[in-house]
Amino acid sequence: MSASEQMSSDCLFCKIIAGEIPADIVAETEHTVAFRDINPQAPTHVLVIPRLHEPDIGSLAAADPVAAAALLTDIRAVAKAEGTEDNFRLVFNTGADAQQTVFHCHAHVLAGRQFGWPPG
Ligand code: AMP
Ligand code: ZN
């Protein structure tokens with residue numbers, strides 16, 4: 001395991017991956033872990049995260065394009081398992097202005113209600 005694959009000791013989502021903090025996990029693959037958001041904003045609200053600790057989707061794509069591609073594949077599988085493969089919103093909040101609060105890359109998969117545009 002390379003240094004970049006080791007968990008960040010003070011990262012909440014690394015601790016969920018390591019099983020140190022409980023979560024409602026819905027799927028796990030070689031590259032990702034998916035679990036239900038603790039504060040859901042829609043009837044379906046699943047977070048899909050890379051096992052690799054990178055702060056956001058841009059840095060993940062730069063550090064490991066295979067892991068970034070696998071994230072998209074696994075997002076699709078999660079949406080399919082939730083019965084909403086063709087009808088969901090995908091959000092990657094990136095940076096404080098976009099309201100990112102956990103700095104381990106994560107995709108919000110939101111579905112089960114009508115969404116507005118533009119987003120707030
Ligand atoms: P963001 O604001 O894009 O960084 O999203 C972080 C998300 O993580 C928020 O939607 C939180 O509700 C969610 N969250 C924080 N802690 C937990 C946890 N322990 N288990 C599941 N989701 C969490
Ligand atoms: Zn992390």
Quickly run through segment 63-83 and pick out the residues that are assigned to a loop (DSSP other than H, G, I, E, B) and buried (at least 18 other Cβ atoms within 10 Å of the Cβ).
D64, E82
Given (1) within 14 Å of ligand 2 (Cβ to nearest atom); (2) in a loop (DSSP other than H, G, I, E, B); (3) over 19 Å from V91 (Cα atoms), number of the condition K15 does not satisfy
(2)
Tell me yes or no: at least one residue of segment 17-36 is among the β-branched types (V, I, T), away from ligand 1 (no atom under 12 Å from the Cβ) and touching a residue at least 40 places away in the same chain (Cβ under 8 Å).
yes
L60 fails exactly one of (1) open to solvent by 80 Å² or more (accessible area, probe 1.4 Å); (2) in a helix (DSSP H, G or I), namely (1)
Just to be sure I understand, how many residues within segment 19-49 are in a strand (DSSP E or B) and open to solvent by less than 80 Å² (accessible area, probe 1.4 Å)?
13
Per the filter on segment 84-117, residues open to solvent by 70 Å² or more (accessible area, probe 1.4 Å), more than 22 Å from G58 (Cα to Cα) and free of Cβ contacts under 8 Å to residues at least 60 places away in the same chain are D86, N87, Q114, W117
From A96, A79, grab the single residue that is under 25 Å from P118 (Cβ atoms), small (G, A, S) and more than 15 Å from the chain's Cα centre (by Cα).
A96
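The values are calculated or read from the model by the stated rules, or taken from the named source; none is laboratory data. Computed from a predicted structure; not experimentally measured. Reconstructed Cβ throughout: ideal geometry from the backbone, glycine too, with neighbour counts over all protein chains shown. Accessible surface is based on the protein model in full, side chains and every heavy atom, while ligands, DNA and RNA are left aside. Shrake-Rupley method; radii C 1.70, N 1.55, O 1.52, S 1.80 Å.
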